[in-house]
Amino acid sequence: MKLKSTLLAVAATLAVCGAQAQTVRIANQGDSLSLDPHSLNESLQLSVTNNIYEPLVGRGKDLNLAPALATSWKQTSPTVWRFELRKGVKFHDGTPFTADDVVFSLRRAADDGGDFKGVVGDIKEVRKVNDFVVDVETKAPFPILPDQLSTTFIMSKKWCEDNQATRPVDRRKGLENAASFRANGTGPYRVRERQPNVRTTFVRNGAYWGKIDGNVQEVIFTPIGNDATRVAALLSGEIDVMEPVPLQDVERINASAGAKVIVGPELRTIFLGMDQKRDELQFSNVKGKNPFKDKRVRQAFYQAIDIQGIQRTVMRGASRPTALLVGPGINGFAADMDKRPPYDEAAAKKLLADAGYPNGFEVTMNCPNDRYVNDARICQAVAANLSRVGIKINLAAETKGTYFPKVLRRDTSFYMLGWTPTTYDAHNALNALTRCVDVNAGTGQFNLGAYCNPELDKLTLAIGSETDKKKRDDMIKQAFKIHGDDIGHLPLHQQSLAWGVSKKVSLVQLADNFMPFKWITIQK
C-alpha cells in the first residue's frame, strides 16, 4: 500500500505537467543540489546544468573534445591559449554572448564560494582580446587546459550582475542565491520551473545556435529516492528514463514489455578516505591521537575489505575492483599497477595489533544513500568486513543533500566518495584527490582526509605541464606508486552504468554518466 500511494503521488506530480508526445520524463535517485554551474563540482549537477549552460570546449558522443562556445583554440605561447568565440549566440534572455561573459565566468569559477577553484586554479589571467577572442594565460605550461575547461560553464555577466549572483555561494554553509534556483545559459534547454527535490521542468531553446539531434521539446526531471518506486514508475509508463537501475531489478525490467536496461562502463571510481590531518579524530573512541596517521592502520582497513565479496553480493557483478583512483578509459591508467593488496583478515588484525590497537577501535563512517550505485549497501558491507577485525563502524548514511555539504566541510573521519575525471586524464584525479590541501591555491580540493606527500605534489605539478607523452605517463605511474605505497586512500571499484529506458526512447549513454537532453528522441 505504501508503494502504491507513493507511486500515485509520483504520477500526480508528473501529470501536473501535462506530458505530451515530445515530453520525456526522467527520474533519478537524487536531485541536482543547485542550478548554479559553479557551485558544486558533482557529476549529477554537472549533467543537469550541462543542458542549460555550455563551456568553451565541449564533448561529442565519443567524448572527444568538440567546439562549443569556442569555435577553435590554440596555444600562442607555452602558457597562453587563445580561444576564438562563436558569434551570434544569445543567452536565454536574449543577451548576446561575448568575451566579457567568458572573462567574467572564469573569474567567477575561481571564487572561494564554489567548487571550481581547483578546476581553474592553473589559470593566471583571462584577457579579452576583442569581443570574440579571449586569451587564457596559465601559471605554467598546461597542455590539457581545453580538457580542463570542458565542464566550466559560461554565465551571462549582465544577468549575474542584475540578479546579485556575481559569486557562487557556498553550499557547505547552506547558502543560496538567484543562480541556485534560476538559470540563464546558452544551452539547448532552458528552465521553465524549478522545485528543488520535487521537479524541474526544462523546455527546448528555440533560439539555440547549434543542432539538436533529438526531438524532445520538454523534459520533466523528478527525483525519486526509493528504488522500488522508481522501478515501478518506469514499468507503469509514468516515467520514460531512470537511473540508476537497482541491480536486482535489471532482469525484471529487461523482461518487461515496455522498458529495457542500458548497461555500460562508467569512468567513476568509488573509494574510501580517512582523516589523516587532525591529531585526534572527531568521531572515534580513540582519544589523544589519530589512528589513521599510522599507515599500518590504513593498510589493515584495506586488507580487511572483501572487495570480491562486495562485487559478487552487493554489486551483482556490475563493478570492477580497483587499486587505483582511475580506471580504464582514463589517460594514465596503467593495468600493471592495478593490483590490490590481498584480502586477509589475519594480516589486518596483526597490523592493527602492531599499531597499538589489538582490540580495534570505534569510528564513524559517513556515506551517501542516494548518490552512487548501492552506496549505502557497500558501506554496510565494509562495516561488516571491518567488524571481523575488531573495528566497530558507526554508519551514518544520509541523502546527498546533507551528506556532501558535511564531508566537503571535512566534517568527517571516514567517508565514501566517487570521482570521474572530467578531463579523462589522471592529472585531474591526482590534483583534486591526492595533492596536499591548499585552500588559496585550490589544490587538493576533494582530498577530504588531507592526505599529503610533498613528493607526490611535485610530481602532480610536473605532470600538469609535461608535453612529452611517455615522460608524462611515466610520471603518472610514479605518482600512483607513491600514493599506493602510502595507502593514501582505499580504492574500491569502478561501478557500471545501468539506465532504465522506455522502448519508445533512444538516447546516448556516456561513460561519464552525463545525459544530454539534445540527444534524446522519443517516438510519437
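The values are calculated or read from the model by the stated rules, or taken from the named source; none is laboratory data. Not measured: the values here are computed from a predicted model. Note that each Cβ is placed from the backbone with ideal geometry, even for glycine, and that neighbours are counted across all protein chains shown. Just so you know, the surface numbers come from the protein's heavy atoms only, side chains and all, with ligands and any DNA or RNA stripped out. Shrake-Rupley method; radii C 1.70, N 1.55, O 1.52, S 1.80 Å.
Please label the shape of region 37-101 as rounded, prolate or oblate, based on the square roots a ≥ b ≥ c of the eigenvalues of the alpha-carbon gyration tensor (a/c under 1.5 means rounded; beyond that, a/b larger than b/c means prolate, else oblate). Since a/c reaches 1.5 but b/c is at least a/b, the shape of region 37-101 is classed as oblate.
Taking every alpha-carbon pair under 8 Å whose residues sit at least 6 apart, the chain reaches a relative contact order of 20 percent. Please sort by residue number the trypsin sites (Lys or Arg not before Pro) in region 146-243 whose DSSP state is loop and whose Cβ has at most 16 other Cβ atoms within 10 Å. Answer by residue number: 182, 211.
Hey, of (i) 44, 33, 19; (ii) 43, 24, 21; (iii) 36, 31, 20, which did the structure itself give for semi-axes √(5λ) of the Cα gyration tensor in Å when calculated? Here semi-axes √(5λ) of the Cα gyration tensor in Å agrees with entry (iii). Close amide-amide hydrogen proximity is noted between residue 289 and 281, each under 5 Å apart and 5 or more residues distant or on a separate chain (H modeled in the peptide plane; Pro and chain starts excluded). For region 276-341, trypsin sites (Lys or Arg not before Pro) meeting the loop criterion (DSSP other than H, G, I, E, B) and having at most 11 other Cβ atoms within 10 Å: 287, 339.
Amide H contacts of residue 113: none lie under 5 Å away among residues 5 or more positions distant or on a separate chain (H built 1.01 Å from N in the peptide plane; Pro and chain starts excluded). Label zone (residue 203, point 7 Å along Cα-to-C-beta; backbone nitrogen cut-off 19 Å) within region 52-74: 52-53. Amide H contacts for residue 425 (H built 1.01 Å from N in the peptide plane; partners 5 or more residues away or on another chain; cut-off under 5 Å): 331.
Per residue of the chain, the DSSP helices (runs of n ≥ 4 H) give a summed -39500 (n - 2.57) that works out to -7500 deg cm²/dmol at 222 nm. Shown in residue order for region 144-154 are the 3J(HN,Hα) couplings computed by the Karplus curve 6.51 cos²θ - 1.76 cosθ + 1.60 at θ = phi - 60°: 9, 4, x, 4, 4, 8, 6, 10, 9, 8, 9 Hz (x for Gly and Pro). For residue 346 and residue 471, the FRET efficiency from 1/(1 + (r/R0)^6), where r spans their Cβ atoms and R0 equals 60 Å, is about 0.90.
Within the same chain, lysines fewer than 8 places from residue 469 are excluded, and of the rest, those with a Cα less than 17 Å from its Cα are 477. Spatially, region 328-402 and region 25-41 are offset by 27 Å when compared through their Cα centroids.
Normalised by the number of residues in region 316-463, the mean separation of alpha-carbon contacts (under 8 Å, six or more apart) gives a relative contact order of 20 percent. One chain, two ends: residue 462 and residue 195. Fully extended at 0.36 nm per residue, the span grows by 91.6 nm beyond their Cα-Cα distance. Distance from the alpha carbon centroid of region 415-468 to that of region 168-246 works out to 31 angstrom. Excluding same-chain neighbours fewer than eight residues apart, the aspartates and glutamates reachable from residue 471 by a Cα-Cα span under 18 Å are 336, 425, 455, 457.
In the structure shown, do any of 74/128; 139/406; 295/458; 277/406; 293/458 have a Cα-Cα gap over 26 Å, and if so which?
Values: 74/128 15 Å; 139/406 32 Å; 295/458 21 Å; 277/406 17 Å; 293/458 21 Å.
Exceeds cut-off: 139/406.
Here the 3J(HN,Hα) profile of region 120-135, calculated from phi with Karplus coefficients 6.51, -1.76 and 1.60 at θ = phi - 60°, is 9, x, 7, 7, 8, 7, 10, 10, 7, 8, 8, 4, 10, 9, 10, 9 Hz, Gly and Pro shown as x. For region 508-524, putting each phi into the Karplus relation 6.51 cos²θ - 1.76 cosθ + 1.60 with θ = phi - 60° gives couplings of 10, 9, 9, 5, 8, 6, 7, 10, x, 5, 5, 10, 9, 10, 10, 5, 7 Hz, in residue order, rounded to whole numbers and with x for Gly and Pro. Taking the charge dipole of region 273-340 about its Cα centre, with +1 at Lys and Arg Cβ atoms and -1 at Asp and Glu Cβ atoms, the residue from 324, 305, 291 reaching farthest to the positive side is 291.
Highest mean first, the peptides 256-262, 127-133 sorted by other C-beta atoms within 10 Å per residue fall in the order 256-262, 127-133.
Mind ranking 452, 436, 160 by accessible surface for me, highest first, 1.4 Å probe? The partial results should precede the final answer.
Working: 452 75, 436 20, 160 0 Å².
From most accessible down to least: 452, 436, 160.
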